[in-house]
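Visitor: Can you read through this structure? Questions will come right after.
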Amino acid sequence: MTNQNWLEYKIQIRDRLKIFALNILQLSEMLPKSERGRILNNQLTRSGTSTYANYRAALRGRSKAEFFSKLSIVVEEADETEMWLDLIIDSDILETTFIKNLHSESLELLKILASMRRKVSK
């Protein structure tokens, strides 16, 4: 992959993470205002939006090592987000196609980010 292609790829992932974060915020408005709903909402919103924020920080890394380090945080946050979405689905607190699609997207993003981290570490 050329440097230009790599840069374009990283920008595509950034844009996809932004859309994902916006969808997490949209989901946060749909969750019930019960105690468990508030707990899940808080945790999901923090980790789901954090993936985008930390990825942007990774793109501004001053070195390959710094990019790798920040990307590792993104992978952790993406994994946590997937876990919260999984819990929401399995708890039957909210049953919509939207959340199932969001969960599928979280799994895809997690795979992409983990693969990107592997490539950078080589």
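Visitor: Counting other C-beta atoms within 10 Å, which of Arg16, Arg118 has the fewest, and how do the rest follow?
Guide: Sorted ascending by nearby Cβ count, the order is Arg118, Arg16.
Visitor: Efficiency by 1/(1 + (r/R0)^6): what FRET value for Gln26 and Met83, r their Cβ-Cβ distance, R0 = 22 Å, to the nearest 0.05?
Guide: The calculated FRET efficiency here is 0.70.
Visitor: Counting helices only, and only those DSSP H runs with n ≥ 4, report the 222 nm mean residue ellipticity of the chain as the sum of -39,500 (n - 2.57) divided by its residues, in deg cm²/dmol to the nearest 500.
Guide: Value at 222 nm, helices only, nearest 500: -30500 deg cm²/dmol.
Visitor: Normalising by the residue count of the range 3-121, find the relative contact order in percent from Cα pairs under 8 Å and 6+ residues apart.
Guide: About 26 percent, as a whole number.
Visitor: Here's a follow-up. Arrange the peptides 23-35, 79-91 so that the one whose residues have, on average, the most other Cβ atoms within 10 Å appears first.
Guide: Values: 23-35: 13.8, 79-91: 17.7.
Per-residue Cβ counts within 10 Å, averaged per peptide and sorted highest first, yield 79-91, 23-35.
Visitor: Need the full-extension length gain, Arg60 to Tyr9, defined as separation in residues times 0.36 nm minus the C-alpha distance. One decimal, nm. Intermediate results must be reported in sequence, preceding the final value.
Guide: Values: separation 51, 0.36 × 51 = 18.36 nm, distance 1.50 nm.
Roughly 16.9 nm would be gained on extension.
Visitor: Next question. For the pair Ser34/Arg118, report the inter-label distance in nm, with labels modelled 7 Å from Cα in the Cβ direction.
Guide: Between Ser34 and Arg118, the label points sit 3.9 nm apart.
Visitor: Just the number: Rg to Rh for the chain, Cα atoms, Kirkwood Rh, two decimals.
Guide: Using only Cα positions, Rg/Rh for the chain is 1.02.
Visitor: Related question: Which of Lys119, Lys70 has the fewest other C-beta atoms within 10 Å, and how do the rest follow up to the most?
Guide: So the ranking, lowest neighbour count to highest, is Lys119, Lys70.
None of the figures in this text is laboratory data; all of them are computed from the coordinates on show. All figures in this text were calculated on a predicted structure; none of them were measured in a lab. Every residue, glycine among them, receives a Cβ derived from its backbone with ideal geometry; neighbour counts consider all protein chains shown.
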